[in-house]
Amino acid sequence: MVEKIMTLRRKLYQIQKEIMQLQKSNVSGVKYSITSSDSVVSAIRPLMDKRGVMLDPLVVKTHTAREKVETSLKGKEQFEFHVTQKIIMRWVDVDNPNDHIDIPFEAMANDRNMSFAMGQAQTYAEKTFFLKYFHIATNDTDPDIFQKELLRRVPVEETQIEAMNIALDKVVEVSKGIQSRDAFWEQAKINNSINPKKGLEDLTAYDYGNVMNQLNKWINAYEKKNEKEAK
């Protein structure tokens, strides 16, 4: 009896049937558990080897941008790098390389270290692709919620306090003193549901992100208004 050759699509289907749910990992100090990149790759890689399937991530286009996020009191500028990549996730049948399936995908991340941002983008893209392609149940908390939980436990840093002080002074300047510095600060806390009794040094990294987003929105709005009035 001639053995029926399994197509790439059939091999991928067999992999999907063999993995239903991944074990979550606990992170110290966080009430949520997550499905890590290591656990995802470790679960799927043996099944790929078993079926003779390779995944070739082909980078089509990479876009990088640098954004100034802070300026210290000493005048040192702090930057964050944003990386976005358009990728073709190519499944390849090892036994028949001409049999391949291309899936358009994207990778993105940001970090103050360019190489870290690139690595994070590709690592998270690989994990997400596996989970979504094979419809893997993780019973997991949304990654955005997990990230917020971490940031809520991290105290604000000195450089971040400096950045908020600079932004508060800037919004008073570009608004032409429409209201006081303290008034802008109190309004920023109200808009982001922050305890009104908190001072800058009492904030968390999560609070900092929300406050800076608010202050930058005000600064941009007033600067645009001033540009229109100057014309």
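Computed quantities for the displayed model
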read-out: Q85 surrounded by 13 or more Cβ atoms within 10 Å (Cβ to Cβ) and either assigned to a helix (DSSP H, G or I) or modelled with pLDDT of 85 or more (or both); value: yes
read-out: Failed condition for F130, given (1) modelled with pLDDT under 85; (2) not in a loop (DSSP other than H, G, I, E, B); value: (1)
read-out: Cβ-Cβ under 6 Å pairs, at least 6 apart or on other chains, the range 177-190 side farther than 14 Å from M212 by Cβ, far side of a type outside the set (S, T, Y); value: R181/L168; R181/V172
read-out: Per-region count, the range 33-66, residues of a type in the set (D, E) and closer than 30 Å to N98 by Cβ; value: 2
read-out: Residues of the range 165-192 classified as assigned to a loop (DSSP other than H, G, I, E, B), within 26 Å of E67 (Cβ to Cβ) and among the small types (G, A, S), total; value: 1
read-out: Single residue of K189, K217, K198 found to be charged (D, E, K, R), surrounded by fewer than 17 Cβ atoms within 10 Å (Cβ to Cβ), at pLDDT 90 or above and not assigned by TED's automatic domain parsing to the domain that holds L47; value: K198
read-out: Qualifying positions in the range 109-127 - in contact with a Phe, Trp or Tyr (Cβ under 8 Å, 6 or more places away or on another chain) and either part of a helix (DSSP H, G or I) or at pLDDT 90 or above (or both); value: M114, A117, A125
read-out: Residue, modelled with the lowest pLDDT, within the range 6-61, restricted to residues that are outside any loop (DSSP other than H, G, I, E, B), in contact with a helix residue (DSSP H, G or I) (Cβ under 8 Å, 6 or more places away or on another chain) and of a type in the set (S, T, Y); value: S25
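The values are calculated or read from the model by the stated rules, or taken from the named source; none is laboratory data. Predicted model only: the values in this text are computed from it and were never measured. Quick reminder, even Gly has a Cβ in these numbers, built from the backbone with ideal geometry, and neighbours come from all protein chains shown.
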